[in-house]
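Student: I'd like to ask you about the structure that follows.
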């Protein structure tokens, strides 16, 4: 099979050693084509005990009525169909990748016109070229550089974690917003060095994004984004093997943000910056992960969401997660993960702006076959506002994810 790990499978490989690097490959002239992906779905049951309108809070609310909800939905990783074609010409390894991510949930019937309201996404469309002697270049849309290793090491990538899964959403959130900011899928041109005795680095320019109150439009300043320059992202890592194997990494995000509203017709410009560091280590059947980030103007949960007050002042944010997994003799991976994301307030901010989202997840991931995993998770999610009020939600999920 093709030895190039595709992103959809790579994330699961990093999260669970029980998932095989699988794909359906065939030769087409000078090209090798790899079709790969997954299908997953979960029965998700939620119990929300509060009903506070916290802007940016990730814990579900009970709506002032029935606090229980249930639904069938994809988990953090969407169902996935990807195609990669590779060849070597003129001493260059070249490839193209295109993928599709259909939703798995819906809440309306045919008469309501909403029976397939989980969106179908196109997260990847990129090309690469390079050689192992000098590295590789990526051009197109793919997972962002900053925050990518944090999500690929999140054990809930095979499951559900936090986020709505009972209302027909395309995916849940896993640990996004409760320990790390979402790397997301973004247009980029990036260079990755060759592997130099375990060390490698990636640097790239990226499509500049708008800033604003994506999670609540009335709690944050809006912006037209940057038209003067690209966003910049990078990450460096060092990996080692042996009885005690592991990886350490550090990354950054930086983008100019222009035309930030400051009230009335006034606007201002600023630069949003974030930094991250993480480590993953494995000994015997135990894997430990620790990760942290800090930023100014980058907001919480999603890049540049809730990053600026309505007067145009940047908000500070930080967070991280710790995780431990253990593979028992049956091959089942048992894990516990705790994460927290914090957002500082500025003078004049709403008392109901989120201050803290935190999550505790306990999970079991059993490889029924080398491609099929059964997954059970319990998550407790709590969102706290700047004034101290909070929402708390318990979420239990049971389902399966099959890779090919």
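Student: For the range 7-403, what is the percent of antiparallel DSSP beta bridges, rounded to the nearest 5?
Tutor: Close to 95 percent.
Student: Sticking with this one: Quick one: if the Förster radius is 56 Å, what FRET efficiency do residue 311 and residue 27 give, using the C-beta to C-beta distance and rounding to 0.05?
Tutor: The calculated FRET efficiency here is 0.40.
Student: Apply the a/c threshold of 1.5 to the C-alpha gyration tensor of the range 155-310 and tell me whether it is rounded, prolate or oblate.
Tutor: Here the range 155-310 falls in the oblate category.
Student: In addition: Give, in nm to one decimal, the length gained when the segment between residue 129 and residue 362 is fully stretched (0.36 nm per residue of separation minus the Cα-Cα distance).
Tutor: Going from the current span to full extension adds 79.8 nm.
Student: Sort 240, 26 so the one with the fewest other Cβ atoms within 10 Å of its own Cβ comes first.
Tutor: Ascending number of Cβ neighbours within 10 Å: 26, 240.
Student: Which three extents, in whole angstrom, do the alpha-carbon atoms of the chain cover along their principal axes, largest first?
Tutor: 60, 50, 48
Student: Right, something else. Over the range 257-301, what relative contact order in percent results from Cα pairs under 8 Å that are six or more residues apart?
Tutor: 32
Student: If you don't mind, another one. Could you please state, rounded to a whole Å, how far the C-alpha centre of the range 339-365 is from the C-alpha centre of the range 142-213?
Tutor: Centre-to-centre distance over Cα atoms comes out at 18 Å.
Student: To continue, here is another question. Which length gain, in nm to one decimal place, applies between residue 277 and residue 400 when the Cα-Cα distance is subtracted from 0.36 nm times their residue separation?
Tutor: 41.1 nm
Student: Go through 55-61, 275-281 and give me the packing order, highest mean Cβ count within 10 Å leading.
Tutor: 55-61, 275-281
Student: For the range 56-101, state what percent of all Cα-Cα pairs lands in each successive 10 Å bin, counting from 0 Å until the bin that includes the largest distance.
Tutor: Once binned at 10 Å, the Cα pair distances of the range 56-101 give 17, 25, 21, 16, 12, 7, 2.
Student: Based solely on its DSSP helices, what 222 nm [θ] is calculated for the chain when runs of n ≥ 4 H residues each add -39,500 (n - 2.57) and the sum is averaged over all residues, nearest 500 deg cm²/dmol?
Tutor: -1000 deg cm²/dmol
Student: Starting from the 7 Å offset along Cα-to-Cβ, what nm value, one decimal, do you get for the label separation of residue 267 and residue 122?
Tutor: 2.9
Student: If you take the Cα atoms of the range 282-404, find Rg, then find the Kirkwood Rh from the mean of 1/r over all pairs, what is Rg/Rh?
Tutor: 1.10
Student: Only Cα pairs within less than 10 Å get springs; with that Gaussian network setup on the chain, which residue of 244, 42, 230 has the largest fluctuation?
Tutor: 244
Student: Continuing with this model, one more query. Taking neighbour Cβ counts within 10 Å as the exposure measure, how do 359, 123 sort from fewest upward?
Tutor: Starting with the residue having the fewest Cβ neighbours, the order is 123, 359.
Student: If you take the beta carbon distance between residue 286 and residue 330 as r and set R0 to 22 Å, what does 1/(1 + (r/R0)^6) give as a FRET efficiency, to the nearest 0.05?
Tutor: That gives a FRET efficiency of 0.90.
Student: Given an 8 Å cut-off on Cα distances and at least 6 residues of separation, report the relative contact order of the chain as a percent.
Tutor: Contact order relative to length: 17 percent.
Student: Also, quick follow-up: Calculate the spin-label point distance for residue 369 paired with residue 43, positioning each point 7 Å from the Cα along the beta-carbon direction, and give it in nanometres.
Tutor: For the pair residue 43/residue 369, the computed spacing is 2.2 nm.
Student: If I build a Gaussian network model for the chain, linking alpha-carbon pairs within less than 10 angstrom, which residue out of 144, 264, 198 has the largest mean-square fluctuation?
Tutor: In the Gaussian network model the winner is 264.
Read the figures in this text as sums done on the coordinates, not as results from a lab. A quick note: this is a predicted structure, and the numbers were derived from the prediction, not measured. All Cβ positions, even for glycine, are placed from backbone atoms using ideal geometry, and neighbour counts span all protein chains on display.
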